[in-house]
1. Which cross-chain or sequence-distant (5 or more) residues have an amide H under 5 Å from the amide H of B:Ser182, H modelled 1.01 Å from N in plane?
2. Kindly identify segment A:4-81 as rounded, prolate or oblate by the Cα gyration tensor criterion: order the square roots of the eigenvalues as a ≥ b ≥ c, call it rounded if a/c is under 1.5, otherwise compare a/b with b/c, prolate if a/b is larger, else oblate.
3. Amide H of A:Ala41 versus every other amide H placed in the peptide plane: which residues, excluding those fewer than 5 positions away on the same chain, fall under 5 Å?
4. Need one word for the protein assembly as shown: rounded, prolate or oblate. Basis is the Cα gyration tensor (sqrt eigenvalues a ≥ b ≥ c); a/c below 1.5 gives rounded, then a/b vs b/c decides.
5. Let me confirm one metric for peptide B:200-211, namely the mean number of other chain beta-carbon atoms within 10 Å of its residues' beta-carbons.
6. Could you rank the peptides B:84-97, A:106-119, B:216-229 by their average count of other C-beta atoms within 10 Å per residue, with the highest value first?
7. Residues with amide H under 5 Å of B:Ile54's amide H, sequence separation 5 or more or different chain, H placed in the peptide plane at 1.01 Å from N; which?
8. Mind jotting down the distance between the C-alpha centroids of segment A:96-127 and segment B:1-66, whole Å?
Amino acid sequence: MNPCRKVKILIVDDSSNLRQVIKRYLQMAQTEGYLFEFDEACNGYEAEQKLQEAAVIDEPFEIVFLDWMMPKVTGYEFMKKIREIEIFKVMPSIIMLTAETNSEQINACMKYGVSKYIIKPFTQEMLANVLHELLEGKADGGIKYAI
Amino acid sequence: MPFDVINQNEYILVKLQGECLGGESPNVGELLSKMVEETKLKFVIFQATECSAIGSSFLRDMTIGYKAIKALNGQTRFVGAKPSVNQSVVQNGLDRIFVPKMSLKGALVDFGLVKQKDFDVNVINPFLNATIKVLKIQCFIESKPGKPFMKKSTDPLLLGDVSGIIPIVSESFNGTLAISLSESIFCHIVKNMLGEECTAINEQNVDLVGELANMILGQAKVELGQLGYGIQMTIPSCVWGKDHKIKHFGGGMCVVMPFETEVGTFYSEVMTNNTVQEQKKVG
């Protein structure tokens, strides 16, 4: 039996309940061959701290699900800052998961190498598809809307 | 021609399209001057939403038109431009005369052509549609809108047990969106979203209603943008308890939208009121 590949996922959202919803949907998306490990942050500041800690212990996050509007440090500010740091230039992959629908702001995000932009409200299927596209190296930086 | 100069009765609309590089004959400034002189209209909106690039030469042509507007003591607004186009205006030192605005509505408010305290009934549908969509996709609840009704601005009472409230900030109006749920509907939503039984609203689960308000505003923003309202995203808050009260910004018009679901009725309410100008007075 092949060993599972561990995938560390950081969920960043100021709503603790929404973090639970996202985690639940992602757990439902876990398939054979992968072992998802989750951590959470309630704003960009805490997320940055978690990324640095994980990098220091050599267990970096592979994927970040990132909200935009959060107090203290927004998702956009977080992303802009970490992409300027050498070790976070490419990894982790970032999936924006936000209610922000402004096309200018979506484009601004894309410049920082967002793997996918999901507009809330979201379905379990949307999260599962995006996650698997990413794990299989097929994410194209597009935008996902719930119909 | 990468532009159209259109008489809109109360103002002149100059629609820019594609690459505006200048050198046309007649150029934008000449056509604009002619219309300003003929109509004596002193407000001009350059609609730059469809403009992909603007050159120094074209901007110089625009200043010819500006001279005619200035002669009437008029004003211009430069609406909906992409950041790169706005940047060209700034680099040419013209952003104080071709003043950037996110939306057409915002420009009309600046000109005093849209009354400040009118409640635009067109804003109701985007909120109705957004509420139905968010409840369906995120909460697995089908909701049917009832007949909206007006509420006195002095009555702060919401109609449910828990409310998610989010400020609406735009160039043409400010206000508040609130979604107000009974405890039973809220618990039903918590169960659908988290997969856990819920018997009461509490500090641990209440933030979900704020997230719903956030999603509704985000969805409504798309349709409101098409109507010319440039809405900015803000951070929601929550209140709960029987007969809880919220304070909407200011004291404008408030429309309440009831929704029927299989688990009861809930309400979404939008209050629009003070415009940007009025807010500036407050500080």
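Taken together, the values in this text are just the output of simple stated rules run on the coordinates, not laboratory data. This is a predicted model, so every value here is computed, not measured. Heads up, the Cβs are rebuilt from the backbone with ideal geometry, glycines too, and the neighbour counts pull from every protein chain shown.
1. Sorted by chain and number, the residues that satisfy this are B:Asp161.
2. Oblate.
3. A:Ile11, A:Val12, A:Asp13
4. The shape class here is oblate.
5. The shielding value for this peptide is 3.
6. Most protected by this proxy first, the peptides run B:216-229, A:106-119, B:84-97.
7. B:Cys20
8. 35 Å
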